[in-house]
1. Step by step: first the residues of the stretch 46-58, then only those that are modelled with pLDDT of 95 or more and open to solvent by less than 40 Å² (accessible area, probe 1.4 Å), then the one that is farthest from Arg82 (Cα to Cα). Which residue is that?
2. Could you say which residue among Leu64, Leu74 is of a type in the set (A, V, I, L, M) and modelled with pLDDT of 85 or more?
3. Any residue in the stretch 59-84 that's without any contact (Cβ under 8 Å) to a residue 24 or more places away in the chain: show its pairings with residues that are of a type in the set (Asp, Glu) and surrounded by 10 or more Cβ atoms within 10 Å (Cβ to Cβ) at Cβ separation under 9 Å, as long as the two are six or more apart or on different chains.
4. Kindly evaluate Thr40 against the criterion of being part of a strand (DSSP E or B), hydroxyl-bearing (Ser, Thr, Tyr), open to solvent by 50 Å² or more (accessible area, probe 1.4 Å) and out of contact with any helix residue (DSSP H, G or I) (no Cβ under 9 Å at 6 or more places or on another chain).
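The values are calculated or read from the model by the stated rules, or taken from the named source; none is laboratory data. None of these values were measured; they are calculated from a predicted model. Glycine also receives a Cβ, built like all others from the backbone with ideal geometry; neighbour counts cover every protein chain displayed. The accessibility values were calculated without ligands, DNA or RNA, using every heavy atom of the protein model including side chains. Shrake-Rupley method; radii C 1.70, N 1.55, O 1.52, S 1.80 Å.
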Amino acid sequence: MAAETALNGRRAYQVTFQPRTPEPPVRHLVDRLLNRISGTLWIDSDEFELARADIQLRSEVNLLGGVVGTLKKLVYTMTRTRLAEGFG
C-alpha cells in the first residue's frame, strides 16, 4: 500500500509491505528471511531517497535448517537526518 505523507517537513511516499501469500519458493537463505519481513518505508518525493524505514520479522527463521541457529526477533528502524547545505 502506498500513500503520500509529510515526514520531517518534507513530502514523502509511504510504502507498506508484507510477505506474499502463498510464500514464494525459497532458493537461498535471504529468500527465507525476506519471506518473513514486513514494514513501512518512507521515500523522499523530491530526491527519491530512503528517508525512514521501520522493518520487523513476522516469524522465526531457521538458519541452515536450525543447525546454525534461529533468528527469533528482528526490528530495524532507520531515520535519515538531512544536513544543511555545505555539510557532509
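1. Checking each candidate, the answer is Ile55.
2. Leu74
3. Partner pairs satisfying both residue conditions: Thr70/Glu60; Lys72/Glu60; Lys73/Glu60; Val75/Asp54.
4. no
So that you can scan it fast, the table gives a plain yes or no per residue for (1) assigned to a loop (DSSP other than H, G, I, E, B); (2) open to solvent by less than 50 Å² (accessible area, probe 1.4 Å):
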position	(1), (2)
Glu4	no, no
Tyr13	no, no
Pro19	yes, yes
Val26	yes, no
Thr81	yes, no
Ala84	yes, no
